[in-house]
Amino acid sequence: MVLNGRHWMASSVLASGLALTLACGGKRPVNQTAPAPPPAPPPVQVASRPAPPPPPPPAPRSPDGPAVPTEAEIFSRMSLRELNAKEPLDDAFFAYDVAELTDTDRTALQRDADWLKKWSSVRVVIEGYADERGTNEYNLALGEARAAIARTYLSALGIDPSRIATVSKGEEQPFCTLHEEGCWVQNRRAHFIITAK
């Protein structure tokens, strides 16, 4: 069979291509398009640091110690003996042979009145004392006058007189037993004793 020029040329190109393919070991000819590169791996994501955990809850507080008692609770728990030992009331002191209040005495009795108003159920007795000079009878009368003037002053400051009893001790049961002015001045007084709460 005779091939015309065109067919011969096509056959020749085909034969050349086949020969070239065989000569290259079945590899594609160099002039063909190179295969597409493999897809790029996805970008590596750097793991962000995890958020720090929240702080632990505060440790439970230990229960508070015993509640601090109020002033009223302390007062109610005290016996009369304990209360008198604390001496919450000031005594009034007097000059020799008189039953008159000084400014210092009035200040002391004002504090006593304030305390008695705060603790309105308290009752007291005022003991009147004298020093050892003079007769027993005279000193008993002087002691009574000193207790009475202290009671009258507290009453004028608003304390109900029914809450205040008086008694004279005269020169008996002295606070100080030395026979000198330093002791006598301590024995001339109106002294407070709490008798009821």
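What nm distance separates the two modelled labels at THR177 and ARG106, each placed 7 Å from Cα along Cα→Cβ? Roughly 3.8 nm, to one decimal. Going 7 Å from the Cα of ALA196 in the Cα-to-Cβ direction, what parts of region 70-95 have a backbone nitrogen less than 20 Å from that spot? Counting only backbone N, you get 75-85, 88-89. Which FRET efficiency, nearest 0.05, do THR135 and ALA72 yield, Cβ-Cβ r, R0 41 Å? Efficiency for this residue pair is about 0.30.
Average accessible surface for region 69-197: 54 Å² per residue, computed with a 1.4 Å probe over protein heavy atoms with every protein chain in place.
The base-10 log of I(q)/I(0) for region 84-193, evaluated at q = 0.15, 0.16 Å⁻¹, reads -0.57, -0.65 [Debye formula, identical scatterers on Cα atoms, solvent excluded]. Charged neighbours of ALA72, selected by a Cβ distance under 13 Å, balance to +1 (K, R count +1; D, E count -1). Given all pairs of different Cα atoms, what value in angstroms does the Kirkwood hydrodynamic radius of region 142-197 take? Evaluated on region 142-197, it is 12.5 Å.
Would you mind telling me the share, in percent, of accessible area of region 136-176 contributed by carbon and sulfur at probe 1.4 angstrom?
Carbon and sulfur: 56 percent of the exposed surface of region 136-176.
Among the listed pairs LYS86/LYS117; LYS118/LYS197; LYS86/LYS169; LYS169/LYS197, a Cα-Cα separation exceeding 20 Å is found for LYS86/LYS169; LYS169/LYS197. Full extension of the segment from ALA148 to LYS117, taken as 0.36 nm per residue of separation minus the current Cα-Cα distance, would add 9.2 nm.
The values are calculated or read from the model by the stated rules, or taken from the named source; none is laboratory data. As the structure is a computational prediction, the values presented were derived from the model and not from experiment. For neighbour counting, all protein chains shown are included, and Cβ atoms are generated from backbone atoms with ideal geometry for every residue, glycine included. Accessible surface areas use protein heavy atoms only, side chains included; no ligands, DNA or RNA. Shrake-Rupley method; radii C 1.70, N 1.55, O 1.52, S 1.80 Å.
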